[in-house]
Each structure stands twice: as C-alpha cells, then as structure tokens.
Amino acid sequence: MDLTSIPVIGVVFALIAYLVATLPDIAPIFVALAAPIALGAMCGIMNERSGIVNIGIEGMMLTSAFTAFLSAALVAQAIGSGQPTALFGATLPIVIGLVIGIITGMLVSVLHAWLSISIRADQIISGTIINIAAFGLTAYLSRLIISPNPRLGAGIFHPLAVPDFLANLPGIGWLFSAFLGQGPIVMSVLVIVLFLQVMLFRSRWGLRTRAVGEHPKAAETVGIDVIRVRYRNVILGGIFAGLAGAYLTLEQSGSFQNGMTSGRGFIAIAAVIVGRWTPLGAFGAALLFTASDALRVAVGLSPPTGQLGDIVARIPNEFYSAFPFVVTIVVLVLAAGRSVAPAAVGKPYTREART
C-alpha cells in the first residue's frame, strides 16, 4: 500500500519522504544555518549557568557582526585584501575582522557583567539596553560609513573541501560533507559544544560554575569567589556571541545589513531553555529551530512533485520567514514545564560582610 495515497495523512508521509531524500543535499546548509544560533546559545549557557540572565545576545551578535565587517573592510582598504591562503581562503583583513568581532562581543559582555553584577541592575533591563543600543548604533554607523561605500568589504572565509573518499562513503558520507565542508566558524561549533559539555559537567571549573548558578552563598562559604566566577563566565560567553556575529558578515554573506541577526539571538535564548541549559541539548534545539529554513532551501533547490508539490507551490515565501519563530514558540511552550533553570539565575548576589 502506498502511504502517500492516504488523504491528508499521505501528504505528511510524502513530506517526510521528501525531507529524507533531500537531507544529504541540504545538510551543509542546515548545519550552517544553525551555527549562529548554537553559538548564541553557548553564550547564554555560560551566563545563565553562572546565575546571570542575558537577553542581550541579539545585540551582542549584531554589534560584533558590524565591527567584524567594518574592521576587516578598513584593513583591506588600507593594505589590500591580500592573496587568500589555502586554508579556508583566509586573508589578514578577514582574520583581523574575526578577532575584532570576538573582542567586541567580550567588551559588550563586560558592560552587561558590570551592570548585572557590580551595579546589580535588573538583568532583563540590562540586556534590553544592549539590544536597543546595538540596533540603533549599528544602523546609524552603517548609514554613515558603509552605505556611502558600497564596494566596502574584505571577502569571506571559504568552506573546506571535503576529500572525495570521505564525502562518497556509503550512508555517512553526507555527514562528513555537512560538518566538514564548512568555513572555520561553523566547523568550530561542534568542537565548542563538545568541549563545553565536558567542561561543564566533568571539570572543577564546571562544578564551580554550576555551584555559583545554583547556590552562590553556599559556594562562597567553601571559598569560591562568586563575583569573579560570574564576571569571568559572562565575559567568556561574549566570545561565542562575537563568533556568531562574525560568522554573519565574514563567513555567510561578506556584507553588513541593518538588523541582519533577524532574531537569532532570541531564538538562541529559547534553545538554551529547550536544551535544558546543556551545550548538547542547546545545539540540538538550534538544529530543530532551523529545520524550517532547511525546508525552504530544499524547496528552492529541488521542488517536490505530485500532490505535495502542488501544496508547497501555494505556500507564500512569508510563511518560511515566520515559521522558525512559530516552531520556537511551540517547542518552548511544550518544553518549558520540563526545563528547570539554575536556582539563582537572575538574582543579584551581594557578598556578605566579613566580621
């Protein structure tokens, strides 16, 4: 019996079969789309596992994207783009832009840490300030500097060429193409996720971080400097937000557009919650949230045929733009009751006076 011939349910089976058939072709794009969300989620985990709420990830990513692009472009304008190297097509301006993007993420994190930890301001308001300032400042500076110079740019990192003997392995070759046929920032995501997963749950640093996020007063009594741990982890989290922003301009597009983060920072926060504040869980959530974008790419590259093709042809493009947020909300609602945040997250810590 042909399952796809069953009314209504048959369309679902046809969609599943279509996605399975096209997955090997769209997997590299799928992984690349999830990269900035996963990196933003790693920033959120570093913050929230230490007890600091950070809804300013969107602003951190956008600011880093702007500074990474602009610094790379200005260096290229000053000294020339140079000859791309064999490794990812890297040039000196692009590498400098990447470093500046990471530093920018760390500097904005310093601001958030100072407001949240030292000043003990409301952490939600601190993140909101960062987002508003980032959108306004980058838009103004882009109009002032980038828009009058449409040829401004330094190029992008190139994806790694996967050896044929790996790409053509039966059954699993497409996995190697998906994770290895990428630029350096996307390739670093899996390494970062695995490293943080091990460090967070199998190291002394991870134990101290989780203790500070759960019971800061108890942690202080055993000699852990809560303030220092929180500052350090929030600033280190800025590295991942900086990488996410740099990816958008130095690996994905090669240009800067106003608001180009397009809500990825907020989806990253949802990935943290759905992933239960674990790096592997957040990475899986990031892949889930980008599934709709992968469907859009699949339809564009290889449109389905038959009844499914007729239905897909009637779906407007705006549906694919909105669908990631719909999926995020639905999954977040379903997972919210099962996810328990660190006990001290969002609560300012005041060190007790020593007598």
Note on region 73-95: residues within 21 Å of the chain's Cα centre (by Cα) and within 17 Å of Ser255 (Cβ to Cβ) are Ile94
Looking at (1) part of a loop (DSSP other than H, G, I, E, B); (2) surrounded by 14 or more Cβ atoms within 10 Å (Cβ to Cβ); (3) at pLDDT 80 or above; (4) not hydrophobic (A, V, I, L, M, F, W, C), which is the one condition that is false for Thr350?
-> (2)
Under the condition of being of a type in the set (S, T, N, Q) and part of a helix (DSSP H, G or I), which residue from region 86-118 is most open to solvent (accessible area, probe 1.4 Å)?
-> Ser118
Within region 283-305, how many residues turn out to be part of a helix (DSSP H, G or I) and closer than 25 Å to Met46 by Cβ?
-> 7
Met260 passes all but one of (1) without any contact (Cβ under 8 Å) to a residue 40 or more places away in the chain; (2) surrounded by 19 or more Cβ atoms within 10 Å (Cβ to Cβ); which number fails?
-> (1)
Would you mention how many residues in region 72-117 are closer than 26 Å to Asn233 by Cβ and touching a residue at least 24 places away in the same chain (Cβ under 8 Å)?
-> 17
Could you tell me whether Ile129 is in contact with a Pro (Cβ under 8 Å, 6 or more places away or on another chain), assigned to a helix (DSSP H, G or I) and over 27 Å from Val186 (Cα atoms)?
-> no
Is there a residue being open to solvent by 30 Å² or more (accessible area, probe 1.4 Å) and over 23 Å from Ala286 (Cβ atoms) anywhere in region 171-194?
-> yes
May I ask you to list the residues in region 192-210 that are assigned to a helix (DSSP H, G or I) and among the hydroxyl-bearing types (Ser, Thr, Tyr)?
-> Thr209
Would you check if Ala121 is at pLDDT below 95 and either open to solvent by 10 Å² or more (accessible area, probe 1.4 Å) or hydrophobic (A, V, I, L, M, F, W, C) (or both)?
-> yes
Condition set of a type in the set (Gly, Ala, Ser) and modelled with pLDDT under 85, scope region 1-28, selection farthest from Met61 (Cα to Cα): answer is Ser5
(1) farther than 30 Å from Gly97 by Cβ; (2) open to solvent by less than 50 Å² (accessible area, probe 1.4 Å); (3) in a loop (DSSP other than H, G, I, E, B); (4) of a type outside the set (Phe, Trp, Tyr): which one isn't true of Leu308, the others all being true?
-> (3)
Condition broken by Val31, with the remaining ones in (1) buried (at least 24 other Cβ atoms within 10 Å of the Cβ); (2) at pLDDT 95 or above satisfied | (2)
Filter result for Ala139 (on the phi < 0 side of the Ramachandran plot and at pLDDT 95 or above) | yes
Within region 34-76, track down each residue that is open to solvent by less than 10 Å² (accessible area, probe 1.4 Å), farther than 20 Å from Phe256 by Cβ and part of a loop (DSSP other than H, G, I, E, B).
-> Ser50, Gly51, Ile52, Asn54
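The values are calculated or read from the model by the stated rules, or taken from the named source; none is laboratory data. Owing to the predicted nature of the structure, the values given are computational and were not obtained by experimental measurement. Glycine also receives a Cβ, built like all others from the backbone with ideal geometry; neighbour counts cover every protein chain displayed. Surface accessibility is based on the protein's heavy atoms, side chains included, excluding ligands, DNA and RNA. Shrake-Rupley method; radii C 1.70, N 1.55, O 1.52, S 1.80 Å.
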